[in-house]
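K.L.:
Provided herewith is a single structure, encoded as structure tokens, for subsequent inquiry.
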Amino acid sequence: RRLALAWRVEARREDLATRVLDEAGGHLAALEEGSPDVLPSARLAVESAAVRWRIAPSAALASRWLAAAERLASAAPSDAAAIESLALAAAAADQWSRSLDAARRLLAGVPRGREAWRRAKVMQVEAMTTIDPAQARAILDQHRVRDPTWDQGETGERLKRLDELLPGGRR
């Protein structure tokens, strides 16, 4: 019984996320047409796409999330949350070069050391791990030297896992 109930709840969450995603187009279109007051709704639409993908990851859903995130980042190019969404969506769609580009934009636009900057650093290393593991190792090693707190918190845990996976890492 519990399993059946949990399954129904999950199905309702999936349906809700899909409906919100379907309605997202209007918010993104309004933002693209120059209505900055819909930015929070457009962000919510892109986050709904992310939630939908997390519930049942698939290439098709990753593609929908990426399309929505690209529209959001294009319409709000200085919005850190939009750029971070783009980096995450591109990674979910296995488009690592696009994820890397977005992570670099975020690193350039957010003050060093802030949590968003630290998440962008992780995304940069993750993308480089797929594109060029030797370069990812160099980036991680440089980051470790520059930031003595590199291995702390959630981002630090992710970086430690990458450190172990990359050639020349601490095993």
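The values are calculated or read from the model by the stated rules, or taken from the named source; none is laboratory data. No experiment lies behind these values; they were computed from the predicted model shown. Cβ sites come from the backbone with ideal geometry, for glycine too, and all protein chains shown count toward neighbours. These area figures cover heavy atoms from the full protein model, side chains too; ligands, DNA and RNA do not enter into them. Shrake-Rupley method; radii C 1.70, N 1.55, O 1.52, S 1.80 Å.
K.L.:
Stretched out fully, how many nm does the piece from Glu33 to Ser63 gain, at 0.36 nm a residue minus the Cα gap?
P.N.:
8.5 nm
K.L.:
Leaving ligands, DNA and RNA out of it, work out the accessible area of Glu47 with a 1.4 Å probe and give it in Å² to the nearest 10.
P.N.:
Accessible surface of Glu47 is approximately 80 Å².
K.L.:
Follow-up question, since we're still on this one. Between Ala116 and Lys160, what is the spin-label point distance in nm, taking each point 7 Å from the Cα along the Cα→C-beta axis?
P.N.:
In this crude spin-label approximation the distance works out to 2.7 nm.
K.L.:
Mind checking the full-extension length gain between Gln135 and Arg54? Use 0.36 nm per residue of separation minus the Cα-Cα distance, one decimal, nm.
P.N.:
So the chain would gain 26.3 nm between Gln135 and Arg54.
K.L.:
When N counts the residues of the stretch 58-111, how does its alpha-carbon radius of gyration compare numerically with 2.2 N^0.38 Å, as a ratio?
P.N.:
Against the empirical 2.2 N^0.38 Å value, I get 1.03 for the stretch 58-111.
K.L.:
Same structure, new question: Using the C-alpha atoms of the stretch 57-161, what convex hull volume per residue, in cubic angstrom, is computed?
P.N.:
Dividing the Cα hull volume of the stretch 57-161 by its residue count gives 90 Å³.
K.L.:
Might you work out the accessible area of Val145 for me, using a 1.4 Å probe with all protein chains in place, and round it to the nearest 10 Å²?
P.N.:
My reading of the accessible area for Val145 is about 130 Å².
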